[in-house]
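Q: Pasting a structure here, questions to come.
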Amino acid sequence: MHILMLPPGASAKAHYHEDHETAIYMLEGEAEFTHGESLQFVDRVRAGDFIYIPAGVPHRPYNPTDSRAVAILARTDPNEQESVVLWGD
């Protein structure tokens, strides 16, 4: 588990986690993420929302707001950074 702080305007690169699942609970603020085989879906998440991302699903979190977003992330692999695969550009 770890805490993610996403500053206003910040964006991660599109990626997926090859062999593990991710659970996210939003503590503060709002953020959005694209997801799906072509990143064709967009969801906005707010404080109190829970997100589940299965293994192998491309996604890209970003913060389009003027306030920071804070979330708790839990993954099913203790070496989760080693299985991050960048997706697309």
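Q: Could you run through segment 11-39 and say how many residues are under 12 Å from the mean Cα position of the chain (by Cα), over 14 Å from ALA55 (Cβ atoms) and not charged (D, E, K, R)?
A: The total comes to 9.
Q: Let me ask something additional. List the pairs whose first member sits in segment 15-36 and is within 14 Å of PRO61 (Cβ to Cβ), whose second member is crowded, with 19+ Cβ neighbours inside 10 Å and among the β-branched types (Val, Ile, Thr), and whose Cβ atoms are under 6 Å apart, counting only residues at least 6 apart or on separate chains?
A: The qualifying pairs are THR22/ILE53; MET26/VAL45; ALA31/VAL45.
Q: Only residues that are of a type in the set (Asp, Glu) and exposed (fewer than 14 other Cβ atoms within 10 Å of the Cβ): list them for segment 41-67, please.
A: Within segment 41-67, ASP43, ASP66 meet the criteria.
Q: While we're here: Which fully enclosed strands (runs of 3 or more DSSP E) of segment 1-58 have 3 or more residues being out of contact with any Phe, Trp or Tyr (no Cβ under 6 Å at 6 or more places or on another chain)?
A: Once the strands (runs of 3 or more DSSP E) in segment 1-58 are filtered for at least 3 residues that are out of contact with any Phe, Trp or Tyr (no Cβ under 6 Å at 6 or more places or on another chain), what remains is 2-6, 22-28, 30-35, 41-46, 50-53.
Q: Within segment 37-54, can one find any residue that is out of contact with any Cys (no Cβ under 9 Å at 6 or more places or on another chain), under 20 Å from ARG75 (Cβ atoms) and of a type in the set (Gly, Ala, Ser)?
A: No, segment 37-54 contains no residue that is out of contact with any Cys (no Cβ under 9 Å at 6 or more places or on another chain), under 20 Å from ARG75 (Cβ atoms) and of a type in the set (Gly, Ala, Ser).
Q: Of the residues that sit in segment 68-79 and are over 12 Å from ALA23 (Cβ atoms) and either at pLDDT below 80 or not basic (Lys, Arg) (or both), which one is surrounded by the most Cβ atoms within 10 Å (Cβ to Cβ)? So that I can check it myself, show each step before the final result.
A: Narrowing segment 68-79 to residues over 12 Å from ALA23 (Cβ atoms): 68-70, 77-79.
Next, only the ones that are either at pLDDT below 80 or not basic (Lys, Arg) (or both) stay: 69-70, 77-79.
Working: ALA69: 25, VAL70: 15, ASP77: 15, PRO78: 8, ASN79: 9.
That would be ALA69.
Q: Looking at segment 17-40, which of its residues are at pLDDT 95 or above and surrounded by fewer than 12 Cβ atoms within 10 Å (Cβ to Cβ)?
A: GLN40
The values are calculated or read from the model by the stated rules, or taken from the named source; none is laboratory data. Just so it is clear, the model here is predicted, and its values are computed rather than measured. Here the Cβ is made from the backbone with ideal geometry for all residues, glycine too, and neighbour counts use every protein chain on show.
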